[in-house]
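The values are calculated or read from the model by the stated rules, or taken from the named source; none is laboratory data. Please read all numbers here as calculations on a predicted model, not as lab measurements. Every residue, glycine among them, receives a Cβ derived from its backbone with ideal geometry; neighbour counts consider all protein chains shown. We work out accessible area using only protein heavy atoms, side chains counted, and drop any ligands, DNA or RNA first. Shrake-Rupley method; radii C 1.70, N 1.55, O 1.52, S 1.80 Å.
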Amino acid sequence: MSRTPSSYPTEIAEAVCQRWAASYPQHVRKIPAKEDIAHLMDVMYQASLLREETEPILCRIVVGEPSDFELELQDGASPLHVLRFDEPCELSPHQIRKLAAAAGYYRSLLAVR
């Protein structure tokens with residue numbers, strides 16, 4: 001039986017950076033630091049082990065700067081409904097648990113920078 005060893009946040013971060021650079025060489029400067037990707041992977045994994053009441057934690061996370069979400073169509077409307085916090089939130093498993101419960105999985109993205 002062939003088994004694949006587990007990947008850990010630092011190994012996943014390395015793989016993400018390599019694939020990003022190979023797939024999108026024109027956007028290499030936009031790749032977050034490996035340490036930041038590893039931290040995000042670790043927090044997401046820890047959050048996936050939590051429950052909100054009896055429900056698993058389900059959310060979609062996107063990485064970007066606030067300006068990345070300031071889109072405007074020709075008629076002045078925005079294709080996104082962006083809710084910003086006055087104060088940044090700590091990126092932690094419990095914070096993701098709370099935000100995921102408040103944001104619907106199919107219609108929401110949690111943005112981190």
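Could you grab the pairs with beta carbons closer than 6 Å, sequence gap of 6+ or different chains, first residue in the stretch 97-111 and closer than 20 Å to residue 65 by Cβ, second one open to solvent by less than 60 Å² (accessible area, probe 1.4 Å) and among the β-branched types (Val, Ile, Thr)? Within 6 Å, the pairs are 109/62; 110/61; 111/62. Just one of (1) open to solvent by less than 60 Å² (accessible area, probe 1.4 Å); (2) under 23 Å from residue 42 (Cα atoms); (3) outside any helix (DSSP H, G or I) fails for residue 105. It is (1). Pairing each residue of the stretch 11-28 that is closer than 16 Å to residue 40 by Cβ with any residue that is open to solvent by 80 Å² or more (accessible area, probe 1.4 Å), provided the two are 6+ apart or on different chains, yields C-beta distances under 6 Å for 13/34; 17/34.
Checking the structure you have, find out if any residue of the stretch 65-80 is assigned to a loop (DSSP other than H, G, I, E, B), within 16 Å of the chain's Cα centre (by Cα) and on the phi < 0 side of the Ramachandran plot.
Yes, the stretch 65-80 contains at least one residue that is assigned to a loop (DSSP other than H, G, I, E, B), within 16 Å of the chain's Cα centre (by Cα) and on the phi < 0 side of the Ramachandran plot.
Which residues, counting only those in the stretch 1-42, are surrounded by fewer than 11 Cβ atoms within 10 Å (Cβ to Cβ) and at pLDDT below 85? Within the stretch 1-42, 1, 2, 3, 4, 5, 6, 27, 29 qualify.
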